[in-house]
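First up is the structure itself, then whatever we jot down about it.
The values are calculated or read from the model by the stated rules, or taken from the named source; none is laboratory data. Since this is a predicted model, take the numbers as computed values, not measurements. Here the Cβ positions follow ideal geometry from the backbone for every residue, glycine too, while neighbour counts run over all protein chains shown.
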């Protein structure tokens, strides 16, 4: 390589500048140990994530601080929100000898929290087997279907676990990394406490240990000194506060009480954000923000196994009756994303609208065409109906429901909101037990399979619309058996093209999250999902 | 009739103002379609969260709906819940209170212990329990509020009944051989009517407030039909900083309605209660 004199001088200058700047950069980037992180949380009904009610995010979020999984999603500022690259958590490495066999090598020397009854014993393959078997067999575990493909799980030695599946399941590793699924638990706790509902039974191998739980008030986590990744976590203490009143938590956020946004997943609702951002600039000038599309998607589900929703023209008419742009303006302050069957937030798997084909037109607002379709289906004057609904305590959702009701009314569908208490709604309408229609948000999954297979495969618990389409069912099974990511994506796109024409569910837009965090919190990157603990594990406080 | 109204207005100006508000409320509820310039759920293109103006007297909300129209329609919920609850509660309370006060003895003892037990629960606990079982909705709201109001009012009516039952004219009727039914309908009821009317009018204000509170908690009339409490608690609170009119006007409507019912009730008590007759306010 030949350098000119000018280039040589420039290089020398850069080297000098680099030498001068590098130490200060390094100092700035060197993680600091210590400090207390303050977060807003939700009061968990109990702590048993495998038991009845264990489906609640209120349980999953705190347990991401205390428990480990075999795999986890990479976290940090370098990870683009809406993507979920995998890495080992308890698993040091893994192989897939056949399409239906996975072998995981566990890290050695991983110790349970130094709390009774486990008292810091080493984690073994037996613990993984026990956890998976409990997850699959415990009565009332509504998430058990996530690992329904598992035929057998067995220890090969003290630190090796083998999973044998009933059939190929390309999403298997993603499911293991999902915080909704299998956090590894110790057998001793179940034996001593009968279940894992009590706070004393929260013993894991995660980066923090539950120090105290105060019902309806909050909980405190202390750093796990024996965590298996040396030096982590950096933060000594995590204080989580239950704060059910929105006005109160917004006021608290303004005064600097919380280090992350107070809404899931560490965000501020845009309706509030537009009102407080100017105040925040003066009160908390160091706040960092990042915007990304939410994977919380609401849809109208309906009894497609009966009249009138059995007629595809009725469903298409309903979709065309919804002015999605107006919905975004009305409830998301004009910032939102249109959703095909897989939410736009899952950017690798959601089909772009310009590739949706013929079905794309059913997502455009056209009440005239909607009325024509209804008339063609034999309902020129529309029909009455009810929409099962719960508010989830969200005024945004109530506003969205009102827009939906009005939109349907405009084409002649006289739908009455049948508002239920949250518990009643979740045990009935959320699982398709309703007479006419239902409207509400769906679990914010991180993989497209859960959005598609769960909601469209015949007989599935979350097939709220009771759809029974052999074309879809065939494609759903095929994508699960396709390990080549590009090919699997093409099948998933094809499923979405088909579903867009069928409109078994009428998807509504999602908002765009405003993730907010304290500037002193370094190496933190927001993302979708419940894994608060995972995203904060390598973060540190510079204050 | 007009002269009597004029005399009432001169003697009880606050009561007359209350009556005026109540009449206005009734008219709004009855003729909402004619009074409101827009439907309660009609979005107006390009008019999201507009402040009060000549085009939209009370402004528009976050779903671009005319606030004045929604406040007018909201009166329908307040009036329906208020009057239906008070009618039912008054009927129940009168039956329980009069029978308990008149017959006395073991029957009175049992009935009053049940009422005691009922009253010992905090009212919000009772209402929320009933609503949790029945679910939200106008009819269920009326049932929940009726159950509560009836228990409270029955105790007052019982007291009035006991006083009337010891009157000499009741004793005289009994001595003449009148049966219980005749004594109750011809002598007791006419003499506790004033108490019942006063309880009803004062109760209307309390029920309006309770309806607003329950709608505030999400147990009221399902949206998009407007209820003042729901308007205040829902988007009204969310957009408090940017569009305060969304919360202010439903709040003003609730306050005015409660003020109107209370003032009217107060004035009626002064007019109908012989002990307070002649008092001016």
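Tabulated values for the structure
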{"item": "Members of region A:230-256 that are assigned to a helix (DSSP H, G or I) and closer than 21 Å to residue A:522 by Cα", "result": "A:253, A:254"}
{"item": "So residue A:64, is it at pLDDT 95 or above, closer than 22 Å to residue A:201 by Cβ and in the same structural domain as residue A:218 (by TED's automatic domain parsing)", "result": "yes"}
{"item": "Top-ranked residue of region A:274-330 - restricted to ones that are within 13 Å of another protein chain (Cβ to nearest Cβ) and without any contact (Cβ under 8 Å) to a residue 12 or more places away in the chain, ranked as farthest from residue A:344 (Cα to Cα)", "result": "A:278"}
{"item": "All positions within region B:35-55 that are free of Cβ contacts under 8 Å to residues at least 60 places away in the same chain, touching a helix residue (DSSP H, G or I) at 6+ places or on another chain (Cβ under 7 Å) and more than 14 Å from chain A (Cβ to nearest Cβ)", "result": "B:35, B:36, B:37"}
{"item": "In region A:75-108, the residues that are within 25 Å of residue A:444 (Cα to Cα), in a strand (DSSP E or B) and over 17 Å from the mean Cα position of the chain (by Cα)", "result": "A:87, A:88"}
{"item": "Members of region A:237-249 found to be within 14 Å of chain B (Cβ to nearest Cβ), surrounded by 17 or more Cβ atoms within 10 Å (Cβ to Cβ) and within 15 Å of residue A:38 (Cβ to Cβ), listed by number", "result": "A:249"}
{"item": "Residues satisfying the stated conditions in region B:57-73, i.e. more than 14 Å from chain A (Cβ to nearest Cβ) and within 21 Å of residue A:271 (Cβ to Cβ)", "result": "B:58, B:59, B:67"}
{"item": "Residue check, residue A:227 farther than 20 Å from residue A:45 by Cβ, not in a strand (DSSP E or B) and not assigned by TED's automatic domain parsing to the domain that holds residue A:527", "result": "no"}
{"item": "Within region B:171-281, helices (runs of 4 or more DSSP H) holding 2 or more residues that are under 20 Å from the mean Cα position of the chain (by Cα) and away from chain A (no Cβ under 14 Å)", "result": "B:189-216, B:245-272"}
{"item": "All helices (runs of 4 or more DSSP H) inside region A:435-543 with 3 or more residues being closer than 30 Å to residue A:90 by Cβ and in contact with a strand residue (DSSP E or B) (Cβ under 8 Å, 6 or more places away or on another chain)", "result": "A:532-536"}
{"item": "Verdict on residue A:462 being modelled with pLDDT under 95 and within 30 Å of residue A:267 (Cα to Cα)", "result": "yes"}
{"item": "Scope region A:485-504; condition touching a residue at least 12 places away in the same chain (Cβ under 8 Å), within 24 Å of residue A:180 (Cα to Cα) and surrounded by fewer than 24 Cβ atoms within 10 Å (Cβ to Cβ); matching residues", "result": "A:488, A:489"}
{"item": "Unmet requirement for residue A:173, which otherwise passes all of (1) without any contact (Cβ under 8 Å) to a residue 60 or more places away in the chain; (2) within 29 Å of residue A:455 (Cβ to Cβ); (3) surrounded by fewer than 18 Cβ atoms within 10 Å (Cβ to Cβ)", "result": "(1)"}
{"item": "Residues of region A:358-386 that turn out to be away from chain B (no Cβ under 14 Å), surrounded by fewer than 19 Cβ atoms within 10 Å (Cβ to Cβ) and within 23 Å of residue A:333 (Cα to Cα), as a count", "result": "2"}
{"item": "Residue check for residue A:430: modelled with pLDDT of 95 or more and out of contact with any helix residue (DSSP H, G or I) (no Cβ under 7 Å at 6 or more places or on another chain)", "result": "no"}
{"item": "Scope region A:412-444; condition surrounded by 22 or more Cβ atoms within 10 Å (Cβ to Cβ), under 21 Å from residue A:331 (Cα atoms) and touching a residue at least 60 places away in the same chain (Cβ under 8 Å); matching residues", "result": "A:438, A:439, A:440, A:444"}
{"item": "Subset of region A:387-411 [more than 10 Å from chain B (Cβ to nearest Cβ), free of Cβ contacts under 8 Å to residues at least 60 places away in the same chain and out of contact with any helix residue (DSSP H, G or I) (no Cβ under 6 Å at 6 or more places or on another chain)]", "result": "A:392"}
{"item": "Within region A:455-476, tally of residues that are without any contact (Cβ under 8 Å) to a residue 12 or more places away in the chain and over 19 Å from residue A:310 (Cα atoms)", "result": "1"}
{"item": "Answer from B:124, B:139 - the residue that is more than 14 Å from every other protein chain (Cβ to nearest Cβ), part of a helix (DSSP H, G or I) and either out of contact with any strand residue (DSSP E or B) (no Cβ under 6 Å at 6 or more places or on another chain) or over 30 Å from residue B:230 (Cβ atoms) (or both)", "result": "B:124"}
